[in-house]
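These notes concern the structure reproduced below.
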Amino acid sequence: MRLYTHTDLDGVMCAVLISCVEEVDEIRFVDPGTVQAGKIPFRKSDIISDLPYDRHAGLWFDHHESSRPREGQKFEGAWKLAPSAARVVYEYYDNPYLGKYAAAVEATDRIDSGQVSREEAESPSGWFLFSNTLETSAEKAEDDGYKEHVIALIRRTPDITAVLSDARVAERVKNVKAELGKFAQILREHTVMIGKVAYSDLRTRPDLPRGNNYLIYSLFPDAVTSVRLMPEKEDKESVKISVGHNIYGKMCISHGRNASDIAQGAMLKSEFDVGAAMKRIGGGGHKPVGGASVKKEEAEAIAKKLVADINQWEEERK
């Protein structure tokens with residue numbers, strides 16, 4: 001039995017939970033674009049978590065709006081609009097043994113749904129710091145080995161203090177902290193504001209430290225949304241496009257904007273549907289965040305079209 005899961009904290013936590021209750025023989029870590037491109041020959045004994053649906057697999061768990069099953073679609077597993085796919089897995093099995101992972105799942109909910117403070121983005125700690133150790137520029141074989149290690153570690157001890165004290169994790173934590181300043185500097189050098197969008201072209205930086213996704217909004221607080229181009233780790237002929245709303249903006253309420261927010265000059269959160277926009281270019285996600293892998297020769301044109309569409313959408317809703 002093979003488990004295919006996403007490469008981030010949510011994917012890792014799904015693997016922890018599923019491997020506790022299923023006889024998983026092998027865990028493989030892949031990006032959503034690889035699944036959507038039909039590059040994986042799934043079979044009925046396979047499980048997919050935190051990734052797009054494929055009818056050839058036996059079990060599927062996800063929470064992304066862009067993956068919402070069609071009405072009447074039948075499959076084994078569960079899809080639900082939830083803060084994390086780990087939450088979907090946790091509730092699906094409803095197994096008393098998994099109760100010891102409740103706090104870890106809650107942390108995954110918070111991080112995967114963007115409930116990260118500005119202070120935490122600038123100085124990561126706890127589960128968020130651990131999640132940063134999963135987003136490095138290491139070679140895939142090394143990275144996969146690290147993820148397998150931490151899955152086994154969390155299965156034994158889901159206490160975050162113990163996890164961060166593990167020698168292999170501590171080494172990555174040291175590197176994450178050391179590279180955070182470098183990552184911030186690279187973002188400053190390769191990001192420009194286009195209208196209300198912080199546009200980062202990082203294609204020329206294969207050495208890029210994989211810093212956390214929220215730091216951009218601390219560095220460019222006036223950005224309503226960010227669009228980022230990055231080298232694709234698994235496919236050198238593709239480029240990854242990531243889009244997300246500024247999580248520190250204030251949400252619009254009812255049918256209009258909050259007058260007191262506008263009076264104070266506060267930025268409002270965008271309601272542009274990122275997941276739907278990503279789905280149109282072969283990716284997916286949620287309303288506030290999403291991504292896609294595209295051909296490298298088309299990447300810049302696609303990204304700039306997204307920037308233009310986002311700015312036009314925001315302008316029309318003033």
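The values are calculated or read from the model by the stated rules, or taken from the named source; none is laboratory data. These numbers were taken from a predicted model, which means no experiment stands behind them. Cβ: placed from backbone, ideal geometry, glycine included. Neighbour counts: every protein chain shown.
Return the total of residues in the stretch 28-46 being under 24 Å from residue 134 (Cα atoms), in a loop (DSSP other than H, G, I, E, B) and at pLDDT 95 or above. I'd like the intermediate steps shown before the answer.
To start, the set of residues in the stretch 28-46 that are under 24 Å from residue 134 (Cα atoms) comprises 28-37, 39-40, 46.
Checking which are in a loop (DSSP other than H, G, I, E, B) leaves us with 30-31, 37, 39-40, 46.
If we keep only those that are at pLDDT 95 or above as well, we get 46.
Residues in the stretch 28-46 being under 24 Å from residue 134 (Cα atoms), in a loop (DSSP other than H, G, I, E, B) and at pLDDT 95 or above: 1 in total.
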### Message
Pull out all pairs, ordered by first then second residue, where Cβ-Cβ is under 8 Å, the residues are six or more apart or on different chains, the first lies in the stretch 39-65 and is surrounded by fewer than 20 Cβ atoms within 10 Å (Cβ to Cβ), and the second is part of a loop (DSSP other than H, G, I, E, B) and of a type in the set (S, T, N, Q).
### Response
58/45
### Query
Limited to the stretch 7-17, what total is found for residues that are farther than 12 Å from residue 148 by Cα and buried (at least 24 other Cβ atoms within 10 Å of the Cβ)?
4
### Query
Counting only residues that are without any contact (Cβ under 8 Å) to a residue 24 or more places away in the chain and more than 18 Å from the chain's Cα centre (by Cα), how many does the stretch 96-122 have?
4
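Yes/no matrix, rows are residues, columns are (1) among the aromatic types (Phe, Trp, Tyr); (2) modelled with pLDDT of 90 or more; (3) surrounded by fewer than 18 Cβ atoms within 10 Å (Cβ to Cβ):
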{"site": "253", "(1), (2), (3)": "no, no, yes"}
{"site": "266", "(1), (2), (3)": "no, no, yes"}
{"site": "273", "(1), (2), (3)": "no, yes, yes"}
{"site": "278", "(1), (2), (3)": "no, yes, no"}
{"site": "283", "(1), (2), (3)": "no, no, no"}
{"site": "287", "(1), (2), (3)": "no, no, yes"}
{"site": "300", "(1), (2), (3)": "no, yes, yes"}
### Task
State whether the residues of the stretch 204-215 include one that is assigned to a strand (DSSP E or B) and touching a Phe, Trp or Tyr at 6+ places or on another chain (Cβ under 7 Å).
no
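Each row is one residue, and each column tells you yes or no for (1) surrounded by 15 or more Cβ atoms within 10 Å (Cβ to Cβ); (2) within 19 Å of residue 180 (Cα to Cα); (3) not assigned by TED's automatic domain parsing to the domain that holds residue 165.
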site: 106; (1), (2), (3): yes, no, no
site: 117; (1), (2), (3): no, yes, no
site: 132; (1), (2), (3): yes, yes, no
site: 135; (1), (2), (3): yes, yes, no
site: 140; (1), (2), (3): no, no, no
site: 147; (1), (2), (3): yes, no, no
site: 154; (1), (2), (3): yes, no, no
### Task
Only residues that are of a type in the set (Ser, Thr, Tyr) and within 17 Å of residue 105 (Cβ to Cβ): list them for the stretch 52-86, please.
84
### Message
Quick check on the stretch 192-200. Is at least one of its residues closer than 18 Å to residue 86 by Cα, of a type in the set (Ser, Thr, Tyr) and in contact (Cβ under 8 Å) with a residue 24 or more places away in the chain?
### Response
no
### Query
Can you name the number of the only condition in (1) modelled with pLDDT under 95; (2) closer than 26 Å to residue 10 by Cα that residue 259 fails?
(2)
### Message
Quick check on the stretch 188-243: of everything there that is touching a strand residue (DSSP E or B) at 6+ places or on another chain (Cβ under 7 Å), small (Gly, Ala, Ser) and within 20 Å of residue 111 (Cα to Cα), which residue is surrounded by the most Cβ atoms within 10 Å (Cβ to Cβ)?
### Response
226
